[in-house]
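The values are calculated or read from the model by the stated rules, or taken from the named source; none is laboratory data. In this text the structure is predicted, and so the values were computed from the model without any measurement. Neighbour counts run over all protein chains shown; Cβ positions are idealised from the backbone, glycine included.
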Amino acid sequence: MKIFFIRHGESTGDIENLYGGDYDDHLSEKGREQARDLAQLLKDKDIEIIFSSPLSRAKEVSEILASMAGCKVIVENDLRERNQYGILTGINKDEAKNKFPEQVELLKNRFNTVEGAEAYTDFSKRITGTFEKIKNNPEYKTVAIVTHGGPMRVLFRDILKWGELVEIGDCSYVELEKKDNIFIPIHYERLKPDFEMPFDS
């Protein structure tokens, strides 16, 4: 099986400098352009199905990819981004520093849980469980998963156990291939890992 694990493009929340997480914003016009470029890049990759986060910015990317690939989209609720920001969600980051400085300070460690937020361990568990379900589906040979930066970090850190990502760009992705029940990276774009990727030699 091949899996394309994809982050959405630029969103309106990015432009407005908001704490996002599970805040449901849309792609910006630049984000839509990024998604169209990605769809062009992946159009000949024989993607049979796209599993998408339920958040609009991910679904919009999925729909653009699906229109080019000629496949359907299935929304998986557990692919949504972590509700990392709790009471800070949807608030301008500069404003949040003034109103909730103690909560903003908690964000420096992913294992801290801001008031009203989702614990990291619960988030990692649901992303891992959803990935397991998708990768064990015998119906498809090539799938795409469209989600967010948080799940991308869980993929590299907790599922594949490769290490940390320093940067995750808009419409970044990693192409994985399952060999002997182990996933090997075939290619990646707009990701900056802090380790040497374990490509198959």
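Couple of notes before you dig in:
- Every residue from the stretch 92-122 that is closer than 16 Å to residue 157 by Cβ, in a helix (DSSP H, G or I) and in contact with a helix residue (DSSP H, G or I) (Cβ under 7 Å, 6 or more places away or on another chain): none
- Candidates 105, 139: the one that is modelled with pLDDT of 95 or more, more than 30 Å from residue 179 (Cβ to Cβ) and not aromatic (Phe, Trp, Tyr) is 105.
- Check on residue 50, surrounded by 23 or more Cβ atoms within 10 Å (Cβ to Cβ), within 18 Å of residue 82 (Cα to Cα) and of a type outside the set (Gly, Ala, Ser): no
- Of the residues making up the stretch 20-43, those that are of a type outside the set (A, V, I, L, M, F, W, C) and either closer than 30 Å to residue 132 by Cβ or assigned to a loop (DSSP other than H, G, I, E, B) (or both) are 20, 21, 22, 23, 24, 25, 26, 28, 31, 34, 43.
- Scan of the stretch 135-151 for residues that are small (Gly, Ala, Ser) and in a strand (DSSP E or B), ordered by number: 144
- Counting only residues that are more than 28 Å from residue 135 (Cα to Cα) and part of a loop (DSSP other than H, G, I, E, B), the stretch 1-19 holds 3 of them.
- Residues (at pLDDT 95 or above and surrounded by 12 or more Cβ atoms within 10 Å (Cβ to Cβ)) located in the stretch 163-182: 163, 165, 168, 169, 170, 171, 172, 173, 174, 175, 176, 177
- Enumeration of residues in the stretch 68-85 that are of a type in the set (A, V, I, L, M) and over 13 Å from the mean Cα position of the chain (by Cα): 68, 69, 73, 74, 75
Residues checked against (1) closer than 25 Å to residue 35 by Cα; (2) touching a Pro at 6+ places or on another chain (Cβ under 7 Å):
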position: 159; (1), (2): no, no
position: 162; (1), (2): no, yes
position: 171; (1), (2): yes, no
position: 176; (1), (2): yes, yes
position: 179; (1), (2): no, no
position: 182; (1), (2): no, no
position: 189; (1), (2): yes, no
position: 193; (1), (2): yes, no
position: 199; (1), (2): no, yes
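- Residue in the stretch 144-162 that is more than 25 Å from residue 50 (Cβ to Cβ) and either buried (at least 20 other Cβ atoms within 10 Å of the Cβ) or modelled with pLDDT of 95 or more (or both) present: yes
- Looking across the stretch 1-21 at every residue that is aliphatic (A, V, I, L, M) and surrounded by fewer than 20 Cβ atoms within 10 Å (Cβ to Cβ), the one that is farthest from residue 180 (Cα to Cα) is identified as 15.
- Among residues of the stretch 178-201 that are closer than 12 Å to residue 160 by Cα, those with a beta-carbon under 6 Å from a residue that is at pLDDT below 90 at least six positions away or on a different chain give the pairs 184/200; 185/197; 185/199.
- Scanning the stretch 121-132 for residues that are out of contact with any strand residue (DSSP E or B) (no Cβ under 9 Å at 6 or more places or on another chain) and either closer than 24 Å to residue 56 by Cα or surrounded by 17 or more Cβ atoms within 10 Å (Cβ to Cβ) (or both) yields 122, 123, 124, 125, 126, 128, 129, 132.
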